Amino acid sequence: MFRVIEQMPYINIDNKKIYYEINGNGSTVLLFLHCWTCNHTFWQEQVDVLSKMYKCITIDFPGHGLSENAGNYTIDEFCRYVYAVTRKLRIRKFIIIGHSLGGMVALKLALDYSDLLAGMILIDTSAKLKRHLLQNVSSMLGIAGGKLVFPAIKRAVIDFSAVHPLTGWRTRKKIKDDIIKVPNNITVKTLKSIRSFDVIDTLGRITVPVLIMVGSMDIFTDIRHAFTLYKRIPHSRLRLIRGAGHMSMLEQPGKVNAYIKEFISTLLYMT
């Protein structure tokens, strides 16, 4: 395993400490954005492999992982934090890789700061979550009762809906152990922003090449959401990750890594 981590992996933004890690020394920079109630370690399967060839940067959104809490937990605010991190690290150009909430932040970044991106990879995400009934109702219920949810209930929801039925217990345990660490009030505040997120009508403005991946058993952001992205983003390609639910990069890391490497190779060939 190839790991080179900055000795002081915090960046101060608005007097808040934002945690990040840098692994690898390649000239091509990959910036990873995690999903709702998760953290930078959810990308470890990708970082361990891809850092041998590329510089991999992972960050924790405010209130998640090792980053400090903030006043706001909106996609716009997370996008602002990510932009500030790239400026402080003096990254001129990078490939953004976002999962679920991280994919929404990546879309916002692509629309607001397109000149920074060499490409974008979206995994199990959506341009408008409440466009379909299941996601609309479940997110509404999550907001209504989210502040009262006990850790045991969170664990049960993950077991029955967030992952493929055949996903191993170690992966399930990692997901559940990390997700319950995020306080309920932050969980709900962030979900409110996820629920109101809608960039469908602006997807045609995205000019960078885009890879879209979705788990075959993902019910949080199912194939319909991925297909909408594919139809509306001009230079995009779609890959189905069989044997994965909503956590494709943890459930089927080999397949996800292979598609990422293929996509990056195509980008480098084009340049």
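The values are calculated or read from the model by the stated rules, or taken from the named source; none is laboratory data. Quantities reported herein were computed from a predicted structural model and do not represent experimental measurements. Reconstructed Cβ throughout: ideal geometry from the backbone, glycine too, with neighbour counts over all protein chains shown. Heavy atoms of the whole protein, side chains included, go into the accessibility calculation; ligands, DNA and RNA do not. Shrake-Rupley method; radii C 1.70, N 1.55, O 1.52, S 1.80 Å.
Around the amide H of Val208, modelled in the peptide plane, lies no amide H under 5 Å away from a residue 5 or more places distant or on another chain.
A protection proxy built from the mean count of other Cβ atoms within 10 Å ranks the segments 218-228, 257-267, most packed first, as 218-228, 257-267. What percent do you get for the relative contact order of the stretch 166-260 when only Cα pairs under 8 Å and 6+ apart count? Relative CO of the stretch 166-260 lands at 26 percent. From helices alone, the chain scores -12000 deg cm²/dmol at 222 nm; the rule is -39500 (n - 2.57) for each run of n ≥ 4 DSSP H residues, then divide by the residue total. Leaving out ligands, DNA and RNA, what percent of the accessible area of the chain is carbon and sulfur, probe 1.4 Å? Summing carbon and sulfur atoms, their accessible area is 55 percent of the total for the chain.
Measuring with a 1.4 Å probe in the full set of protein chains, what accessible area per residue, in whole Å², belongs to the chain? Please list the in-between numbers first.
Values: 12250 Å² over 271 residues.
Spelled out: the 1.4 Å probe surface of the chain, per residue, equals 45 Å².
In terms of its alpha-carbon gyration tensor, the stretch 204-271 comes out oblate; a/c meets the 1.5 threshold, while b/c is at least as large as a/b. Highest-first packing order for the peptide set 25-37, 91-103 is 91-103, 25-37, based on the mean count of other beta carbon atoms within 10 Å. Descending by average beta-carbon neighbour count within 10 Å, the peptides 178-187, 54-63 line up as 54-63, 178-187, the highest first. Taking every alpha-carbon pair under 8 Å whose residues sit at least 6 apart, the stretch 192-243 reaches a relative contact order of 43 percent.
All other residues with a Cβ under 12 Å from the Cβ of Glu262 taken together, and with Lys, Arg as +1 and Asp, Glu as -1, what is their net charge?
+4
Here's how it looks for Met213: its modeled amide H is under 5 Å from those of Leu122, Ile123, Asp124, Arg239, which are all 5 or more places away or on a different chain.
Couplings 3J(HN,Hα) for the stretch 165-177, derived from phi with the Karplus relation 6.51 cos²θ - 1.76 cosθ + 1.60 (θ = phi - 60°), are x, 9, 5, x, 5, 5, 5, 4, 4, 4, 4, 5, 4 Hz, where x marks Gly and Pro. Remark: the Cα gyration tensor places the stretch 57-141 in the oblate category, a/c being 1.5 or greater and a/b not exceeding b/c.
The Cα atoms of the stretch 147-271 give a gyration tensor whose axes a ≥ b ≥ c have a/c of 1.5 or more with a/b no greater than b/c, which makes the shape oblate. Extension gain, Arg242 to Asn72: 0.36 nm times the residue separation minus the Cα-Cα distance gives 57.6 nm.
Mind giving me the FRET efficiency for Lys16 and Leu166? R0 is 30 Å, r the Cβ-Cβ distance, nearest 0.05 is fine. After rounding to 0.05, the efficiency reads 0.15. Between the beta carbons of Lys181 and Phe227, assuming R0 = 25 Å, the FRET efficiency works out to 0.15 to the nearest 0.05. Here the relative contact order of the chain, from alpha carbon pairs under 8 Å that lie six or more residues apart, stands at 19 percent.
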